[in-house]
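The values are calculated or read from the model by the stated rules, or taken from the named source; none is laboratory data. Just so we're clear, the structure is a prediction, and the values are computed from it rather than from any experiment. Reconstructed Cβ throughout: ideal geometry from the backbone, glycine too, with neighbour counts over all protein chains shown.
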């Protein structure tokens, strides 16, 4: 049964408020009162700051064009009145333009000998040239300050983002977020960054060709501008746990199928994030502790993984392949796929839906729709195999 679009948006908003209240009541965490999910509004509006910026530049350009047009029309009308309507109005416009631009093509109207026309021409040139110089300087300032070019660049980027689907959104371009972007780029995945700080955006842009939204990730319209409804996943790497929880809840409301990975600094926040909609929660401190212990007791294995992930000579990765309903490998054994012979992939494990992972599955392991293989190999070969699966 199809649900009316407006009703669906209303249900999203009601559900979001209900979940927000549920989390506040059952778990001790304060939300800012002004942060309320409003999916209907964010579908129809741009970011507030971006909208104000666009209107400000437009107003300045329209004002300059209108001012120049008024001067030209005033000069043309003045000549037409002074000469009692004898010359054609087009000649009056032409006379005004060549007077203001000082090109010196010669008079098409006999101004010489007419004192009123001469005085009017001097006044027109004095004030008209001032307006034109002001317009030129203002346009130059717009270009030099980067406002106009920045606006055009943002529009081009917005159009590119609108065409994306199954991409990944990264909220926060700090140490964690930039590391996520590095790995996504190495795996040839498309990422969209949401970050407020210009310096962090520039550092992330230096990693690879990156699409970004400069704004606050806690604002719903920025998530919408990043294409959250069409995204495959979102990584929330914000410095504040409160903001992380809020964005997690918002993202789940905007896209029920989205895979959400949330970063936390306080381990006690994990159940709250899971309840808010996170598929996985990562604590950098816990990961760091595990890494330090691994460096102590299994240094060679850690060194192997580091070389695999960070080596500039190759692009070896551990990835996953999921068997689809229409895959030609559905109901086939692993050995029949030719993963090692055709793609040079090593099968490390297999998992079917909620079952436990089977490590080092035998070649006779039967694949079915929904089975996920954990493989190791080159990024390009993994991409080729994913297309087949």
Helices (runs of 4 or more DSSP H) fully within segment 298-389 counting 1 or more residues that are under 34 Å from the mean Cα position of the chain (by Cα) and exposed (fewer than 15 other Cβ atoms within 10 Å of the Cβ): 299-310, 379-388
Matching residues in segment 236-250 - criterion: being within 19 Å of residue 176 (Cα to Cα) and crowded, with 23+ Cβ neighbours inside 10 Å: 236, 237, 238, 244, 245, 246, 247, 248
Failed criterion for residue 169 (all others in (1) assigned to a helix (DSSP H, G or I); (2) in contact with a strand residue (DSSP E or B) (Cβ under 9 Å, 6 or more places away or on another chain) hold): (1)
Matching entry among 29, 100 (being surrounded by 15 or more Cβ atoms within 10 Å (Cβ to Cβ) and either in a loop (DSSP other than H, G, I, E, B) or modelled with pLDDT of 80 or more (or both)): 100
Sole exception among (1) within 14 Å of the chain's Cα centre (by Cα); (2) outside any helix (DSSP H, G or I) for residue 257, by number: (1)
Selection from segment 104-119 of residues that are assigned to a helix (DSSP H, G or I) and under 15 Å from residue 86 (Cβ atoms): 116, 117
Residues (in contact with a helix residue (DSSP H, G or I) (Cβ under 9 Å, 6 or more places away or on another chain) and closer than 21 Å to residue 354 by Cβ) located in segment 258-272: 258, 260, 261
Residue list for segment 217-232, restricted to those being out of contact with any strand residue (DSSP E or B) (no Cβ under 8 Å at 6 or more places or on another chain) and not in a loop (DSSP other than H, G, I, E, B): 220, 221, 224
Residues that are touching a helix residue (DSSP H, G or I) at 6+ places or on another chain (Cβ under 7 Å) and within 14 Å of residue 79 (Cβ to Cβ), drawn from segment 115-141: 116, 117, 120, 121, 124, 125, 128
